[in-house]
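Peer 1: After the structure tokens below, expect a handful of questions from me.
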Amino acid sequence: MSNILEVRDLIVKYGGIEAVRGISFDVPEGEVVTLIGANGAGKSSTLRSVVGLERPAAGSIKFNGEELIGQRTENIVKKGITLVPEGRRVFVNLSVYENLRMGAYMRSDDLNSDLEWVYQLFPRLKERNWQPAGTLSGGEQQMLAIARALMSRPKLIMMDEPSLGLAPIIVQDVFSIIRQINQQGVTILLVEQNANMALHTADRGYVMETGKITMSGTGNELAENDEIKAAYLGKTKK
């Protein structure tokens, strides 16, 4: 299977501090890949670099073989990458429908089939179609943020902490939807502190610590690793 995204020797700096310290990883087309790690490990900086919101100090980011570093964010989105940011960041004064239209702002074709698709994935959004997004619950806002990103018809969707601050039952719903999106052909790069859910959803994963990748493997391999269990899954080594 070919890689839709290839990151090589990526360095991201804020002032004199290296947030990402020369990492390399691949995202194969059609898979779910997760980056796990503690706060401050450099995961979000990595995603922001892929979509052009951060300018790396060094390295290469290739999407379907094309270098992305130096390209504007809107051009990267047009190529088929979207980011669901941490904290949802929906437009609270706009309705659910208007938020979804904003996700397709660079499209000029008919949106009806895509609207029906996201309403099938998120029936609650259809019920709240004309409600201001600010009146939705946290879980509904997260669903709206994902649905809005899907409206651009991405080939690769990146999600930054989609379960953050949600009740456990809603977390289950969100990860179920992530699996459905992937089953419909969308490649997913997932940053997530809920390592248990992430690793049991992902085909493969990478562990980031202080800006470096320290471990990689399939989702199942990492979930069964004693060091990962002790550090991220709340289980003590035997």
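The values are calculated or read from the model by the stated rules, or taken from the named source; none is laboratory data. Small disclaimer: the values here were computed from a predicted structure and weren't measured. We place every Cβ from the backbone using ideal geometry, glycine too, and count neighbours over all the protein chains shown.
Peer 1: Could you please tell me which pairs satisfy a Cβ distance under 8 Å, a separation of 6+ or placement on different chains, a first residue in region 46-69 that is touching a residue at least 12 places away in the same chain (Cβ under 8 Å) and under 22 Å from Gly15 (Cβ atoms), and a second residue that is among the basic types (Lys, Arg) and assigned to a loop (DSSP other than H, G, I, E, B)?
Peer 2: From region 46-69, the pairs are Ser49/Arg55; Gly52/Arg72; Ile69/Arg55.
Peer 1: May I ask you to list the residues in region 76-103 that are small (Gly, Ala, Ser), closer than 20 Å to Glu161 by Cα and surrounded by 16 or more Cβ atoms within 10 Å (Cβ to Cβ)?
Peer 2: Across region 76-103, the qualifying residue is only Gly103.
Peer 1: Then there's this: Please enumerate the residues belonging to region 48-69 that are of a type in the set (D, E, K, R), touching a strand residue (DSSP E or B) at 6+ places or on another chain (Cβ under 7 Å) and surrounded by 14 or more Cβ atoms within 10 Å (Cβ to Cβ).
Peer 2: Step one: list which residues in region 48-69 are of a type in the set (D, E, K, R), which gives 48, 54-55, 62, 66-67.
Next, from what is left, pick out any that are touching a strand residue (DSSP E or B) at 6+ places or on another chain (Cβ under 7 Å): 54, 62, 67.
Selection gives Glu54, Lys62.
Peer 1: I would also like to ask the following. With Val118, Val92 as the choices, which residue is assigned to a loop (DSSP other than H, G, I, E, B), β-branched (Val, Ile, Thr) and over 30 Å from Glu221 (Cα atoms)?
Peer 2: Result: Val92 is the single residue among Val118, Val92 that is assigned to a loop (DSSP other than H, G, I, E, B), β-branched (Val, Ile, Thr) and over 30 Å from Glu221 (Cα atoms).
Peer 1: Look at region 36-64 and say how many of its residues are over 20 Å from Gln193 (Cβ atoms) and among the small types (Gly, Ala, Ser).
Peer 2: The qualifying residues number 5.
Peer 1: With respect to the numbered conditions (1) at pLDDT 90 or above; (2) over 22 Å from Thr187 (Cβ atoms); (3) in a helix (DSSP H, G or I), which one is the sole condition not fulfilled by Gly139?
Peer 2: It fails just one condition, (1).
Peer 1: Got a number for residues in region 75-89 being under 15 Å from Glu6 (Cβ atoms) and in a strand (DSSP E or B)?
Peer 2: Looking only at that region, the number is 1.
Peer 1: While we're here: Whether any residue in region 173-184 is within 21 Å of Asp26 (Cβ to Cβ), crowded, with 22+ Cβ neighbours inside 10 Å, out of contact with any Gly (no Cβ under 7 Å at 6 or more places or on another chain) and not aliphatic (A, V, I, L, M) is what I want to check.
Peer 2: no
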